[in-house]
Amino acid sequence: LELNLVPIFHGKDDFGGVLLVLQDVSAIRRLERMRSEFVANVSHELKTPVAAVKGFAETLLGGAVDDPEHARAFLQIIYDESDRLNRLIGDILELSKVESRRVPLQFSPIELSTFVARTVELVAPEAARKGIALSVEASPGLYVEADEDRLRQILMNLLTNGINYTPEGGKVSITAEPLWTGGRAAEEGDDYEQIRIRITDTGIGIPKKDLPRIFERFYRVDKARSRSSGGTGLGLSIVKHLVELHKGTIAVESEVGVGSTFILELPVLH
Ligand code: ADP
């Protein structure tokens, strides 16, 4: 709580009293703290790849450039770290846009079974490289009103995570079904008001204690693992904001060593 005293004058010299203003500033302070934590996190995340680029460039300049075998390896590191920097900057900009709601969404009706199948095609090469089987199950004729690019971004992100956090030979599947607001699955001929999309993997899973935090910015269960798969730690927080911009919800269920399921529920109309 913050206490402020405001003098009150009726006329020029006519002192009328003092107004006591008691203000709850905890919400403001909390926001300020979150903001400065975010800036600190961003700086830290950006510094790591920049330090690597600088360090290896220095080593090259210091003579390693004349040793072709090492020079090549160092250049590869510089290239990879610049790539990572690029991804980070892109995700930071994207997050700041979706957080401040500065994203104009273009809603249009989308037929889900075709849309989901096409989106899965986009991650198929990556899954094939890791020997991960993909499966799609969506009843045809299911429509949702959404921003096509943003919905694709949401699904791509969740599918890519599924592939990244699943060992070779595993499985990632996606299903889409109509839902009644009450929660039961719609029956033939029913009108549905919501759809539910589930993305399930047979991957490493997420420990119980981390589950409530994985949608936070830069939160990663295993930093090294996220890093080696090219993660920025921002994907899920971007996804959560995009889902909320669609007035939907996202939840996660997971068991370590068994796998994870991300459950997306979207209203059909806006
Ligand atoms: P990242 O870029 O690190 O993947 P995300 O925001 O997409 O960042 O996810 C945050 C963290 O949540 C990840 O680092 C990982 O620890 C965990 N995570 C996300 N998706 C999965 C999944 N399908 N299986 C296991 N862990 C996951």
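The values are calculated or read from the model by the stated rules, or taken from the named source; none is laboratory data. Computed from a prediction, not measured in an experiment: that's the story for all the values here. In this analysis, Cβ positions are derived from the backbone assuming ideal geometry, glycine residues included, and neighbour counts consider all displayed protein chains. Quick note on the areas: whole protein, heavy atoms, side chains included, nothing else; ligands and nucleic acids left out. Shrake-Rupley method; radii C 1.70, N 1.55, O 1.52, S 1.80 Å.
May I ask you to verify whether THR166 is among the β-branched types (Val, Ile, Thr) and in contact (Cβ under 8 Å) with a residue 60 or more places away in the chain?
Yes; evaluated as a whole, the condition is true for this residue.
What is the one condition in (1) part of a helix (DSSP H, G or I); (2) touching a Pro at 6+ places or on another chain (Cβ under 9 Å); (3) of a type outside the set (D, E, K, R); (4) open to solvent by less than 30 Å² (accessible area, probe 1.4 Å) that SER82 does not satisfy?
Evaluating SER82 over (1) part of a helix (DSSP H, G or I); (2) touching a Pro at 6+ places or on another chain (Cβ under 9 Å); (3) of a type outside the set (D, E, K, R); (4) open to solvent by less than 30 Å² (accessible area, probe 1.4 Å) leaves (4) as the failure.
Is there a residue being open to solvent by 30 Å² or more (accessible area, probe 1.4 Å), out of contact with any His (no Cβ under 7 Å at 6 or more places or on another chain) and in a loop (DSSP other than H, G, I, E, B) anywhere in region 246-256?
yes
Among the residues of region 43-79, what is the count of those that are over 20 Å from ALA224 (Cβ atoms) and surrounded by 14 or more Cβ atoms within 10 Å (Cβ to Cβ)?
10
Taking only region 24-53 into account, find how many residues are of a type in the set (Asp, Glu) and within 15 Å of LEU93 (Cα to Cα). Walk me through it before giving the result.
First, the residues of region 24-53 that are of a type in the set (Asp, Glu): 24, 32, 37, 45.
Pick out the ones that are also within 15 Å of LEU93 (Cα to Cα) and you get 45.
So the answer is 1.
Read through the list (1) under 30 Å from GLN153 (Cα atoms); (2) in contact (Cβ under 8 Å) with a residue 24 or more places away in the chain; (3) touching a helix residue (DSSP H, G or I) at 6+ places or on another chain (Cβ under 9 Å), then give the number of the only condition that LEU1 fails.
It is condition (1) that LEU1 fails.
Is it fair to say HIS246 is more than 12 Å from the chain's Cα centre (by Cα) and more than 8 Å from the ligand (Cβ to nearest atom)?
On the way: more than 12 Å from the chain's Cα centre (by Cα): yes; more than 8 Å from the ligand (Cβ to nearest atom): yes.
Spelling it out, HIS246 is indeed more than 12 Å from the chain's Cα centre (by Cα) and more than 8 Å from the ligand (Cβ to nearest atom).
I'd like the residue in region 224-240 that is surrounded by 17 or more Cβ atoms within 10 Å (Cβ to Cβ) and among the aliphatic types (A, V, I, L, M) and, out of all such residues, is nearest to the ligand (Cβ to nearest atom).
Checked region 224-240; the qualifying residue nearest to the ligand (Cβ to nearest atom) is LEU236.
Let's see how each residue does on (1) touching a residue at least 24 places away in the same chain (Cβ under 8 Å); (2) aliphatic (A, V, I, L, M); (3) touching a Ser or Thr at 6+ places or on another chain (Cβ under 7 Å):
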| residue | (1), (2), (3) |
| --- | --- |
| SER228 | no, no, no |
| GLY235 | yes, no, no |
| LYS247 | no, no, no |
| VAL252 | yes, yes, yes |
| VAL258 | yes, yes, no |
| PHE262 | yes, no, no |
| LEU266 | yes, yes, no |
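Wholly within region 119-223, which strands (runs of 3 or more DSSP E) include no fewer than the required count, namely at least 1 residues that are of a type in the set (A, V, I, L, M), away from the ligand (no atom under 15 Å from the Cβ) and open to solvent by 10 Å² or more (accessible area, probe 1.4 Å)? I'd like the intermediate steps shown before the answer.
Numbers: elements: 133-138, 143-147, 171-179, 194-201.
The strands (runs of 3 or more DSSP E) meeting that bar are 133-138.
Please work out if PRO109 is touching a strand residue (DSSP E or B) at 6+ places or on another chain (Cβ under 8 Å), assigned to a strand (DSSP E or B) and open to solvent by 50 Å² or more (accessible area, probe 1.4 Å).
The answer is yes for PRO109.
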